[in-house]
1. Pairs to check: Lys69/Lys154; Lys69/Lys216; Lys79/Lys174. Give those whose C-alpha atoms are more than 29 Å from each other in this structure.
2. Starting from the Cα of Lys344, draw a straight line to each of the aspartates and glutamates and keep only those under 16 Å, dropping any in the same chain fewer than 8 residues away.
3. Please work out the Cα convex hull volume for the chain and give it in Å³ per residue.
4. Under 17 Å Cα-Cα from Lys299, which lysines qualify once same-chain neighbours fewer than 8 residues away are excluded?
5. Using helices alone, I'd like the mean residue ellipticity at 222 nm for the chain: each DSSP H run of four-plus residues gives -39500 (n - 2.57), total over residue count, nearest 500.
6. Work out the FRET efficiency for Lys62 and Gln349 from their Cβ-Cβ distance, taking R0 = 45 Å, and round it to the nearest 0.05.
7. What range in the chain is the longest one free of chymotrypsin sites (Phe, Trp or Tyr not before Pro) that are in a loop by DSSP and have at most 15 other Cβ atoms within 10 angstrom?
8. Would you list which aspartates and glutamates come within 16 Å of Lys281, measuring only between C-alpha atoms, while excluding same-chain residues fewer than 8 positions from it?
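Throughout, read-outs are computed from the coordinates displayed, never taken from laboratory work. Keep in mind the model is a prediction, meaning the values are calculated, not measured. So basically every Cβ, Gly included, is an ideal-geometry build from the backbone, and we count neighbours across all protein chains shown.
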Amino acid sequence: MNNIKTVSVKASGSYDITIGTGVLKNVGEMLNKIKKPCRAVIVTDSNVDELYTDTVMESLIKAGYPADKYVFPAGETSKCAGTFIDILEFLASEKITRSDLLVALGGGVVGDITGFAASCYLRGIDFVQIPTTLLAAVDSSVGGKTAIDLRAGKNLAGAFYQPIAVICDTDTFKTLPEKEVACGYAEVIKYGILFEKAFCDKLMQDENDINEIVEKCVIFKRDVVEKDEFDNGERKLLNLGHTAAHGIEKVSAYSLTHGQAVAVGTVIATKIAENFGICEKGTYKEVENMLTKYNLPIKYDITPEQLCDAALSDKKRGGGKLTLVLPEKIGKCILYDVNVEDLKEIFSQAL
Ligand code: NAD
Ligand code: GLY
C-alpha cells in the first residue's frame, strides 16, 4: 500500500476515509480494525463486477468475512425502486442479519442505492463505501446522502445514513472511461470554486497527484458535512452549478452526463453572479478555462424557459424563493435567494 491518506469524519456516525493506491486488496484487513468478522454482501454493478469484485471478495474472505455478491446492470436507470427491493429480498433470502455488512463497490449509483438499502434493511445495518469513480470518491461516498430515483425525479426517496468506512483505491480510476473521469473533475473544480483559489491554481498545473486531489476534496466536503449533516444550510453550497444542471441533463435527454451538465451550470451560475455584481466581470472566463482543461463543456443550447421548468420542479425549492449558489470570487460562494418570478429573466441574461 503506497501513499495512504486518512480523513476522519465526525457526524451522526463517525468513520475514516482511506485514500490510496492498491488499497482494494487490503479491504478485509482494514475492516478488521473496525468490525468483527461477519457475513458481507458486496453490492456492485455489471461493469465494476468484472473488474474489481474478485479482489475485494478475496480480501474479505481472507480477513474472516464470508462474502456473497449482488450485481445489477450498470447505469442510472438501475437506481430505482425495483433494484432496491431486489437487493433487500436478496439480503433476506440469504438470511443476512443486523450484525452483518453491506459493501458498496462502485460509482455513485451503487453507493446511493446500497447505502439506502443498508439504512432500511432490518432497520439499519452497517455498510462500507468503496468508490470506484472519481465522482463517487470526491462526492457521493462521503456525507451519508443515500437515495434511489422515483418516476417523478432523481433522488426522491432516500435517507441520511453514514457508512462505517470509506475505502478509496485511486488505481480503480485507471479503468474509467474518459467521460467519467471528466465528470468527476466537474465536482473537483466545483470544490475549488467553492472553497479555495489556490486549489484551483493547482488544478491548472500540468501534473497533479490524484490521491492529493481526492484527499483535498474529501476534506472540503467533510468540513461542510460536519457543520450541516442534514442539509439545512451550508451543505446547500455543494449544489453550485446543479440548479441549471438539472434542466440541462433533462433537455439533453441525459446524453450529457451529470458532471458535464454541472460544468455548464457552473458557468451559468458565475455569469449570474457577474450580472448581479456579486463577483468581478470576467470571473466566468477563469471558470471556463478550468472546465475546458478537464474536457468539460461550457455551453449548452437551452432556453431560459427550459431552465426555469427544471429549477422549479427541484425538491430543494422553498416557497416563492429559489436559493442559488453564486460565486463571490474563485474560492468563495454564497447562497442567494431570488424570487421565482424573476428566474426566467435571470437565466436569459446569463445564457
Ligand atoms: P455511476 O455509478 O453510474 O458510474 C459511472 C459508470 O462508470 C458506470 O457505467 C459504472 O459501471 C462505471 N464504473 C464505475 N467504476 C468504474 C471503474 N473503476 N472502471 C470502469 N468503469 C467504472 O455514476 P457516478 O458518476 O459514479 O455517480 C453518479 C450517481 O451519484 C448519480 O446517481 C448521482 O445522483 C449520485 N450522486 C450522489 C451524491 C451523494 O451525495 N449521495 C453526490 C453526487 C452524486
Ligand atoms: N452532493 C451534495 C451533498 O452531498 O450534499
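1. Numbers: Lys69/Lys154 26 Å; Lys69/Lys216 32 Å; Lys79/Lys174 24 Å.
Over 29 Å apart, Cα to Cα: Lys69/Lys216.
2. Counting by Cα, and skipping residues close in sequence, Lys344 has these aspartates and glutamates nearby: Asp301, Glu305, Asp309, Asp314.
3. Details: hull volume 42.2 nm³, N = 351.
That works out to 120 Å³ per residue.
4. Straight-line reach from Lys299, under 17 Å: Lys179, Lys190, Lys250, Lys271, Lys285.
5. On the way: 12 runs with 140 residues, N = 351.
That comes out to -12500 deg cm²/dmol.
6. Details: r = 60 Å, r/R0 = 1.33.
It comes to 0.15.
7. Numbers: sites that count: Phe230, Tyr254, Phe276.
Here the longest segment lacking exposed loop sites spans 1-229.
8. Straight-distance partners of Lys281: Glu328.
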